[in-house]
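The values are calculated or read from the model by the stated rules, or taken from the named source; none is laboratory data. As the structure is a prediction and not an experimental result, all values here were calculated from the model. For neighbour counting, all protein chains shown are included, and Cβ atoms are generated from backbone atoms with ideal geometry for every residue, glycine included.
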């Protein structure tokens with residue numbers, strides 16, 4: 001990383017030296033990044049390709065005060081954790097299962113998500129992910145496999161064996177029902193494979209982020225989203241959540257939200273409003 005100090009300033013985190021590479025530090029970093037760097041696919045909407053080169057990711061998300069999607073956000077988290085001193089940060093290629101049809105016969109989603117396996121200084125393995133847009137981005141999940149739920153800031157989670165041999169799946173409790181978020185093999189994802197999946201995600205005509213406008217950030221206890229022409233504010237989880245909704249009708253309102261709510265400094269705005277009605 002070119003400047004760990006700049007990254008920590010960007011996410012509003014101060015760490016005492018020598019750094020402690022434990023679960024508490026990881027949670028602090030994840031919480032800070034999730035609150036300070038928005039999930040957004042604005043460049044994809046404006047028909048730009050996304051670079052996963054470390055220097056490009058750092059320049060965009062830190063120096064240029066932009067956000068990004070999972071390939072960028074978790075790449076940035078990985079290089080920061082490595083600079084802090086975590087000895088083993090493993091990128092994991094994931095198949096998204098949230099909201100997808102049954103895949104009992106064979107997988108029906110590609111590797112379109114990136115998460116991280118982080119080993120702490122006491123030998124624990126934790127799932128770290130600041131790129132799934134508000135589901136499990138504020139604290140790590142223990143990678144111990146089993147039915148015991150883990151109570152985290154964003155709800156109840158568990159990691160269990162997938163129906164597919166050799167895979168594990170992250171699940172979240174929704175209305176007393178366990179629902180899958182994504183699944184992965186416990187193996188290092190080579191950079192060339194990450195690049196290919198990132199290329200698919202930002203260029204394929206029917207991929208999620210080439211067909212939708214999306215943004216997410218956390219402000220206090222609220223989660224703010226844009227999905228195409230709709231702006232949502234959600235407070236709480238599960239049955240207790242409250243949601244406010246606004247229709248974004250004009251480009252000027254969209255740019256106002258991008259700047260004032262999502263904290264993103266856009267230099268160009270061509271085609272930024274192409275998913276508004």
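What is the residue count in segment 168-187 for residues that are touching a strand residue (DSSP E or B) at 6+ places or on another chain (Cβ under 7 Å) and either over 28 Å from residue 106 (Cβ atoms) or touching a residue at least 60 places away in the same chain (Cβ under 8 Å) (or both)?
Just the residues of segment 168-187 that are touching a strand residue (DSSP E or B) at 6+ places or on another chain (Cβ under 7 Å), to begin with: 168-173, 178-186.
From what's left, either over 28 Å from residue 106 (Cβ atoms) or touching a residue at least 60 places away in the same chain (Cβ under 8 Å) (or both): 169, 173, 179-186.
The qualifying residues number 10.
Tell me the helices (runs of 4 or more DSSP H) entirely within segment 167-277 that contain at least 3 residues that are in contact with a helix residue (DSSP H, G or I) (Cβ under 6 Å, 6 or more places away or on another chain) and under 22 Å from residue 130 (Cα atoms).
191-203
Kindly indicate whether residue 72 is closer than 24 Å to residue 153 by Cβ, crowded, with 22+ Cβ neighbours inside 10 Å and out of contact with any helix residue (DSSP H, G or I) (no Cβ under 7 Å at 6 or more places or on another chain).
Working: closer than 24 Å to residue 153 by Cβ: yes; crowded, with 22+ Cβ neighbours inside 10 Å: yes; out of contact with any helix residue (DSSP H, G or I) (no Cβ under 7 Å at 6 or more places or on another chain): no.
No: the conditions fail for residue 72.
Just one of (1) surrounded by fewer than 15 Cβ atoms within 10 Å (Cβ to Cβ); (2) more than 19 Å from residue 217 (Cβ to Cβ) trips up residue 79, so point out which.
Of (1) surrounded by fewer than 15 Cβ atoms within 10 Å (Cβ to Cβ); (2) more than 19 Å from residue 217 (Cβ to Cβ), only one is false for residue 79: (1).
Please find, among 66, 95, the residue that is surrounded by 16 or more Cβ atoms within 10 Å (Cβ to Cβ) and under 23 Å from residue 192 (Cβ atoms).
Only one candidate passes the filter, namely 95.
Looking at (1) in contact with a strand residue (DSSP E or B) (Cβ under 8 Å, 6 or more places away or on another chain); (2) farther than 26 Å from residue 36 by Cβ, can you tell me which one residue 123 breaks?
(1)
Picking from 115, 110, 128, which residue would you name as being surrounded by fewer than 21 Cβ atoms within 10 Å (Cβ to Cβ), more than 19 Å from residue 3 (Cβ to Cβ), in contact with a strand residue (DSSP E or B) (Cβ under 8 Å, 6 or more places away or on another chain) and touching a residue at least 24 places away in the same chain (Cβ under 8 Å)?
On the way: 115 fails: surrounded by fewer than 21 Cβ atoms within 10 Å (Cβ to Cβ); 128 fails: surrounded by fewer than 21 Cβ atoms within 10 Å (Cβ to Cβ).
That would be 110, the only listed residue that is surrounded by fewer than 21 Cβ atoms within 10 Å (Cβ to Cβ), more than 19 Å from residue 3 (Cβ to Cβ), in contact with a strand residue (DSSP E or B) (Cβ under 8 Å, 6 or more places away or on another chain) and touching a residue at least 24 places away in the same chain (Cβ under 8 Å).
Looking only at segment 12-42, which residues are out of contact with any strand residue (DSSP E or B) (no Cβ under 8 Å at 6 or more places or on another chain), in a helix (DSSP H, G or I) and surrounded by fewer than 22 Cβ atoms within 10 Å (Cβ to Cβ)? Lay out the reasoning, then the answer.
Narrowing segment 12-42 to residues out of contact with any strand residue (DSSP E or B) (no Cβ under 8 Å at 6 or more places or on another chain): 12-22, 24-25, 27-29, 31-33, 36.
With the extra rule that they be in a helix (DSSP H, G or I), the set shrinks to 24-25, 27-29, 31-33, 36.
Scanning segment 12-42 gives 24, 25, 27, 28, 31, 32, 36.
Within segment 146-162, count every residue that is modelled with pLDDT under 90 and surrounded by fewer than 13 Cβ atoms within 10 Å (Cβ to Cβ).
Residues that pass the stated criteria total 3.
I'd like the full set of residues that are in contact (Cβ under 8 Å) with a residue 40 or more places away in the chain and either under 20 Å from residue 92 (Cβ atoms) or touching a helix residue (DSSP H, G or I) at 6+ places or on another chain (Cβ under 9 Å) (or both), limited to segment 49-60.
Selection gives 49, 50, 52, 54, 58.
Quick grid of which residues meet (1) at positive phi; (2) exposed (fewer than 13 other Cβ atoms within 10 Å of the Cβ); (3) modelled with pLDDT under 95:
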site	(1), (2), (3)
197	no, no, no
200	no, no, no
215	no, no, no
226	no, no, no
256	no, yes, no
263	yes, no, no
267	no, yes, yes
273	no, no, yes
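Hey, can you tell me all the residues within segment 107-143 that are over 14 Å from the mean Cα position of the chain (by Cα), under 29 Å from residue 41 (Cα atoms) and part of a loop (DSSP other than H, G, I, E, B)?
Residues satisfying the conditions are 107, 108, 109, 110, 143.
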